[in-house]
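S.K.: Structure incoming, see below.
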Amino acid sequence: MDQENQNDYNNEPSVEQREDTYPDTLKTEEPIWNTQNVSPQQVRPSQSTMALASLVMGILSLVTCCCIYGGFIFASLGILFALLSRTEDRMEGYAKAGLITSIISFILMSLLLMVYLILVTEGYIDRGGVF
């Protein structure tokens, strides 16, 4: 049995007929996109960990501002981290928020310290001690 008889027997088209009747499915034309109106996607820079640390320290300084030592430590770290996170003369949102909360904490601590010193000097608060 030769090749033509075998193709007729199996009801399959011959090689020449296959190429003519079946299009090549692997060759696809790529669509033409309108490249003039396509804008590139803006890549968001990753958040700085120093900016996030500044925000966390600023919030902790607000919470602990009534304890002068804790508030002072957290507020100074919040300001330091905010200044270290600054890149190319601009600050991220977290760094700005951390700087602002740390400064507010410093102001509250200084007001509380002044009120405490005034009350101690007037004699309204007994400092305790041996006497």
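S.K.: With the contact rule set at Cα under 8 Å and sequence spacing of 6 or more, what percent relative contact order holds for the range 49-122? Walk me through the numbers on the way to the answer.
M.R.: Values: 122 pairs, mean separation 28.9, N = 74.
Dividing the mean separation by the residue count of the range 49-122 yields 39 percent.
S.K.: Go through the range 106-111 residue by residue and turn each phi into a ³J(HN,Hα) via Karplus (6.51, -1.76, 1.60, θ = phi - 60°); whole Hz please, and just put x for glycine and proline.
M.R.: So the Karplus estimates, Gly and Pro as x, are 4, 5, 5, 5, 5, 5 Hz.
S.K.: Also, I was wondering about something else. Among rounded, prolate and oblate, which fits the range 49-122 when a ≥ b ≥ c are the square roots of the eigenvalues of its C-alpha gyration tensor, a/c under 1.5 means rounded, and a/b larger than b/c means prolate? Walk me through the numbers before you get to the answer.
M.R.: Numbers: a/c = 3.55, a/b = 2.75, b/c = 1.29.
Prolate, since a/c reaches 1.5 and a/b exceeds b/c.
S.K.: To the nearest 10 square angstrom, what accessible area does Val63 show with a 1.4 Å probe?
M.R.: We get 100 Å² for Val63.
S.K.: Largest first, what is the accessible-area ranking of Ser48, Ser61 with a 1.4 Å probe?
M.R.: Details: Ser48 30, Ser61 0 Å².
Correct descending sequence by accessible area is Ser48, Ser61.
S.K.: Okay, next question. Estimate the FRET efficiency between Glu122 and Tyr69 by the formula 1/(1 + (r/R0)^6), using the beta-carbon distance for r and 35 Å for R0, to the nearest 0.05. Provide the component values of the computation, followed by the final result.
M.R.: Working: r = 24 Å, r/R0 = 0.68.
Given R0 = 35 Å and the Cβ-Cβ separation, E is 0.90.
S.K.: Measure off 7 Å from each Cα along the Cα-to-Cβ vector at Leu111 and Arg90, then give the distance between these two points in nanometres to one decimal.
M.R.: Label at Leu111, label at Arg90, 3.3 nm between them.
S.K.: Using only protein heavy atoms and a 1.4 Å probe, report how much of Leu117 is accessible, in Å² to the nearest 10.
M.R.: Its accessible surface works out to 90 Å², give or take rounding.
The values are calculated or read from the model by the stated rules, or taken from the named source; none is laboratory data. This structure is a prediction, so every number in the text was calculated from the model and none was measured. Positions of Cβ are generated from backbone atoms using ideal geometry, with glycine treated the same way; all protein chains shown enter the neighbour counts. Only protein heavy atoms, including side chains, enter the accessible area calculation; ligands, DNA and RNA are left aside. Shrake-Rupley method; radii C 1.70, N 1.55, O 1.52, S 1.80 Å.
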